[in-house]
Each structure stands twice: as structure tokens, then as C-alpha cells.
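These notes concern the structure reproduced below.
The values are calculated or read from the model by the stated rules, or taken from the named source; none is laboratory data. Computed from a prediction, not measured in an experiment: that's the story for all the values here. Just so you know, the surface numbers come from the protein's heavy atoms only, side chains and all, with ligands and any DNA or RNA stripped out. Shrake-Rupley method; radii C 1.70, N 1.55, O 1.52, S 1.80 Å.
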Amino acid sequence: LTQDNGINDALFLENLIYKSLRRHFKGKKCYMHIMELFLDTTFQTEVGQHIDTNGTPYADGKRAPLDLSRFTLDRYKGCVRYKTSYYSFY
């Protein structure tokens with residue numbers, strides 16, 4: 001198993017969500033609202049993941065030594081806001 005497989009698997013699973021929504025809700029009044037909700041939530045979660053992973057520097061493809069000065073309250077709040085709160089409370 002490689003990182004490339006993991007990325008591909010994640011994209012595959014995400015697309016299955018939208019295929020499933022289309023299968024069960026297409027043609028219903030709520031379909032577009034549900035799709036927008038899932039798309040917005042996915043985007044917000046990916047923003048949080050980006051904030052989180054950018055807080056962990058890498059050098060030569062490996063995790064660099066821990067630098068606690070990079071972990072600020074603002075970065076933490078961004079992670080909490082975007083990474084978990086949207087899909088946890090919808």
C-alpha cells in the first residue's frame with residue numbers, strides 16, 4: 001500500500017458518496033440542497049485538514065523535528081472550526 005493508493009482510495013470513496021446521493025435523491029426537491037450541503041461540508045473539512053497538515057513541516061519527504069512554535073491558538077482554532085465542526089454538527 002502506497003500513499004498514491006491512499007489518495008486514490010480517498011477520492012474513490014468521496015465519489016461514491018455523490019453517486020449514492022444521486023441514486024437515492026435525484027429528481028427530488030431536496031436533491032440540490034443535499035448535494036450542496038455535502039459539497040460545502042467536504043470543502044470545509046479539507047480546509048481544516050490543510051491547516052492541520054501545514055502545521056507539521058516535512059523535510060526530504062519525512063516529518064521534520066517538532067517545532068511547537070508553529071502550533072498557535074489561531075491554528076488550533078482553524079483546525080477545530082474547519083476540520084471537524086462542519087460535519088459533526090450538521
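At a glance:
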quantity	calculated
Every residue from the range 52-90 that is at pLDDT 75 or above, hydrophobic (A, V, I, L, M, F, W, C) and open to solvent by 70 Å² or more (accessible area, probe 1.4 Å)	68, 71, 73
Subset of the range 1-45 (residues that are part of a helix (DSSP H, G or I), open to solvent by 100 Å² or more (accessible area, probe 1.4 Å) and under 30 Å from residue 67 (Cα atoms))	3, 4, 43
